Structures are given as structure tokens and as C-alpha cells.
1. Between LEU69, LEU17, which is within 11 Å of ligand 1 (Cβ to nearest atom) and modelled with pLDDT of 95 or more?
2. Tell me which residues, restricted to the stretch 72-106, are within 16 Å of ligand 1 (Cβ to nearest atom), open to solvent by 20 Å² or more (accessible area, probe 1.4 Å) and under 22 Å from ASN208 (Cα atoms).
3. If you go through the stretch 205-212 one residue at a time, do you hit one that is within 16 Å of ligand 1 (Cβ to nearest atom) and acidic (Asp, Glu)?
4. Being within 16 Å of ligand 1 (Cβ to nearest atom) and among the hydroxyl-bearing types (Ser, Thr, Tyr) is the filter here, so list the residues in the stretch 193-204 that pass it.
5. Out of all the residues in the stretch 105-120, which are modelled with pLDDT under 95 and closer than 23 Å to LYS197 by Cβ?
6. State the number of residues belonging to the stretch 26-53 that are open to solvent by less than 60 Å² (accessible area, probe 1.4 Å) and more than 16 Å from ligand 2 (Cβ to nearest atom).
7. When residues of the stretch 54-110 are filtered for being under 20 Å from the mean Cα position of the chain (by Cα) and either in a helix (DSSP H, G or I) or within 16 Å of ligand 2 (Cβ to nearest atom) (or both), how many remain?
8. Please determine, by comparing only the residues of the stretch 121-159 that are under 22 Å from LYS197 (Cα atoms) and part of a loop (DSSP other than H, G, I, E, B), which one is most open to solvent (accessible area, probe 1.4 Å).
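The values are calculated or read from the model by the stated rules, or taken from the named source; none is laboratory data. Computed from a predicted structure; not experimentally measured. Neighbour counts are summed over all protein chains in view; Cβ atoms, including those assigned to glycine, are modelled from backbone coordinates with ideal geometry. SASA here: full protein model, heavy atoms, side chains in, ligands and nucleic acids out. Shrake-Rupley method; radii C 1.70, N 1.55, O 1.52, S 1.80 Å.
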Amino acid sequence: MHDKLDKEINAFPTAKLSVEHVCKDFRTRNGTVRALDDVSLTINEGEFVCFVGPSGCGKSTLLNIIAGLEKPDSGLALIDGVPITGPGRDRMVMFQEHALFPWLDVIGNVMFGLKQKPNLTDKERLEVAKYYLFLVKMDRFAHSNIHELSGGMRQRVALARSLAPNPKILLMDEPFSALDAMTRERLYGDIQDVWEKRRKTIIFVTHNVREAVCLGSRVILFSPHPGRIREQFPVSLTRPRNINDHDLADLSMQITSALKGYTAAESD
Ligand code: ADP
Ligand code: MG
């Protein structure tokens, strides 16, 4: 039994993602909004990339296209060269709201995502779930009810649930933005740790430049009306990074002024 478990836990699937000339319009009462305008992008296996930009610049739309929840009007999104046609087990999405099942306890929530693994017995699913709860430092709360947990703890459980099926790509849409600063800081450390241990391709969406620089190996700047990619910044600061670090603050200021430049140009 242990061989099978080791194999499950010690598998590190990851994927390359390509976005080619994607356009997406939404029709609203006030006319058509161009959410994405000719967006192209490549993300390599195991990269941790952050999408940054003010609200309305198409970050969530692009993430949803990669998740297979939205379809582009034109252009393509591909995983390892295969066009994305819908959601799949190779990608897991985590949102701002934890979306946990309140009728299941903590471990029950993490085990839920493992239902689709027919090769595992119930006992093995339990062991896999325990491993991921340990990874997000929630193993002590395996049998707690969801309503007993703080916001930060809920997001840890949501992270364990997203990781448990061992997807190739983890898509995170402002997962920490509803949390207080201290809780967020702890999670910044933990998510970096998880990325180093599980080697997934991660796309993390945020409107917070500092958060992006703290987490990403690359920061991709978007600007709105229409939603476009404007600039990309590699971040080579050593890990684990602390959000209060001086170099991190300097780079964040540089990126923030680039971002302000685009927004100002737009309102001219
Ligand atoms: P971000 O995540 O960067 O805040 P979004 O991708 O959510 O931006 O939205 C980009 C633009 O598309 C915005 O102007 C938004 O109002 C519009 N939009 C997004 N989703 C829809 C939708 N389902 N219907 C109408 N407009 C939408
Ligand atoms: Mg959004």
C-alpha cells in the first residue's frame, strides 16, 4: 500500500501553458467591453507567475479561459500544445471565497477532490488528504467543522483541497484578498513553501503589486480598456521572500510606477 501512496505523493506533474492572440468581448447594457485584446503569453513548466493590474483589466477572464470556464472569441489557450476546450483535472482553481462544503469536516473537504482517483482506496485517500493538510499546516484541524475556522484557515484548507488531486497547474484568483495583513503574510511564506515542494505551474492573480513581487518568479502587468498585457518583470529575489524586505519594496515601487504610467496614459 505504501508504494502506491508514495507514488501518488511523489509524482510532480506540471505543464507548459501557451496563450496565443486571445481576444474576448463581453456584451453589456452599455455596449461591448473588450476584456482581452490580443493577449499572448507562454508560461513554462513549474513557473510561478503573477498577473497584476487594476480591477477590470481582464486578469480573471484570462484565468477563467485557462481554467476552461470561459471561451475566447478568437485565439487559443493550450496546455502542453493541446487546446483547452473545458475544465479538466490537470487544472485546479482557487478563488477569493473559500467555497468549501460546510456539511463536510476539514479532511472530508480535502478528500472530496480525491473521489475522482479510482486507483485509490478510501484508506489511501485519507492518507493523501492528511499529507496535504500537513503541507498547509492544518493537520491538527482535520476533524474541525468549516464554520469553526478563521478565514486564513479556510483558505489553507481550500489550498489543500486544490492540491490533493495533484493537478499540473494551480490557478489562484485573488485568494488572499479578503484576509487581514498578518494572516496574508503567513500565507505568503506557506504558498512559497508549497510551490517549492510540489513544483506546480502556478498562476496567481492579484491587484496588489507587492504581493505579486513577493510570490512570483515573473510578474505580468495588465492594463484595462481594453485588457492587455503591457510589460513583464522577472523577479529573482531569493526565497523565501518577506513582503517587508527592502529590495522587494524597491522592485514593487518600480512596477507600481510602470503601472501608474499605463493608467495615466489611458485617462489622458
Ligand atoms: P479583473 O479580474 O482584472 O478585475 P475581469 O476579467 O473580471 O477583470 O473583467 C474584465 C472586463 O470584462 C471588465 O470590464 C468586466 O466588467 C468585464 N466582464 C468580465 N466578466 C464579464 C461578464 N460575465 N459579463 C460582462 N462583462 C464582464
Ligand atoms: Mg478579477
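1. On the way: LEU17 fails: within 11 Å of ligand 1 (Cβ to nearest atom).
From the options LEU69, LEU17, the qualifying one is LEU69.
2. Result: VAL93, PHE95, GLN96, GLU97.
3. First, the residues of the stretch 205-212 that are within 16 Å of ligand 1 (Cβ to nearest atom): 205-209, 211-212.
Subsequent filtering for residues that are acidic (Asp, Glu) retains 211.
Yes - at least one qualifying residue is present in the stretch 205-212.
4. Looking only at the stretch 193-204, we keep the residues that are within 16 Å of ligand 1 (Cβ to nearest atom), and these are 203-204.
Within the stretch 193-204, none qualify.
5. Narrowing the stretch 105-120 to residues modelled with pLDDT under 95: 112-120.
Across the stretch 105-120, the qualifying residues are PHE112, GLY113, LEU114, GLN116, LYS117, ASN119, LEU120.
6. 8
7. 24
8. Let us first name the residues in the stretch 121-159 that are under 22 Å from LYS197 (Cα atoms), namely 124-142, 152-159.
Filter again for part of a loop (DSSP other than H, G, I, E, B), leaving 136-138, 142.
Working: VAL136: 3, LYS137: 119, MET138: 2, ALA142: 12 Å².
Restricting to residues being under 22 Å from LYS197 (Cα atoms) and part of a loop (DSSP other than H, G, I, E, B), the top hit is LYS137.
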